[in-house]
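The values are calculated or read from the model by the stated rules, or taken from the named source; none is laboratory data. Because the structure is a prediction, the values reported are computed rather than measured. Cβ: placed from backbone, ideal geometry, glycine included. Neighbour counts: every protein chain shown.
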């Protein structure tokens, strides 16, 4: 059974960040998790432009302790708004956001990190965009990235009806599939498993490309490998396998299958594995749903 004892949520007080925190609270109810909200104040001079006309404007000349006190009031108010009958811990830190988040993950032994892919104004462009990229490489726990679509949709109290899992068939795929199946089992839902086999050019005017039946052979071989993994893990899954560009195919299948959350593989040391390694950020950025990278 999947255990998510501690969920860490970095927040910047934007609507997208709050939306991500709502997902964390909902997950905590399902998995009986502790939720920790954390806000990291970048050191000067970055606090001068951390928000668009927001929390730090007019505070640049104030002592860090005063800024920290203001942020502590804000994060406590957010926790009160989100708590919904259960306590939420809060932390306000000063330092490099990526390093502080990585340190908190280790200190708290976090089982899941929840963060939006975009934040607020310059903070989004300067901190959260690069922050998410760095965190995906540096932390070892699963990372939930979402609330990144152009318009924040009304929060759905039951958001996970269909769960997708994109596999690259690399060494990490069995672990990813097991995590996805455990997650799906917690919601008593089946999986939609997606794999994009290599897209090869076939035919050619002079027959100088791969034979026309090569794609079918690749697809059949990949489908066989996916079926073996599913049998080994012992899960139920609807399977989609095609020779295609991974990012586009995963996005399109997730969209057409009405997937509510997509689970992909990640290695903290080597980046994202296999063919997903090159396309994972495109998947996270373009997916029609939140993505959990394991």
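In table form, for the structure just shown:
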| item | result |
| --- | --- |
| Strands (runs of 3 or more DSSP E) wholly inside region 1-104 that include at least 3 residues being within 18 Å of residue 143 (Cα to Cα) and at pLDDT 90 or above | 6-10, 34-41 |
| Answer from 282, 231, 244, 212 - the residue that is surrounded by fewer than 15 Cβ atoms within 10 Å (Cβ to Cβ), modelled with pLDDT under 95 and either over 29 Å from residue 139 (Cα atoms) or out of contact with any strand residue (DSSP E or B) (no Cβ under 7 Å at 6 or more places or on another chain) (or both) | 212 |
| Given (1) modelled with pLDDT of 95 or more; (2) in contact with a strand residue (DSSP E or B) (Cβ under 7 Å, 6 or more places away or on another chain), index of the condition residue 107 fails | (2) |
| Residue, farthest from residue 199 (Cα to Cα), within region 247-263, restricted to residues that are touching a strand residue (DSSP E or B) at 6+ places or on another chain (Cβ under 6 Å) and crowded, with 20+ Cβ neighbours inside 10 Å | 261 |
| Selection count, region 158-177, where residues are modelled with pLDDT under 85 and in contact with a strand residue (DSSP E or B) (Cβ under 7 Å, 6 or more places away or on another chain) | 1 |
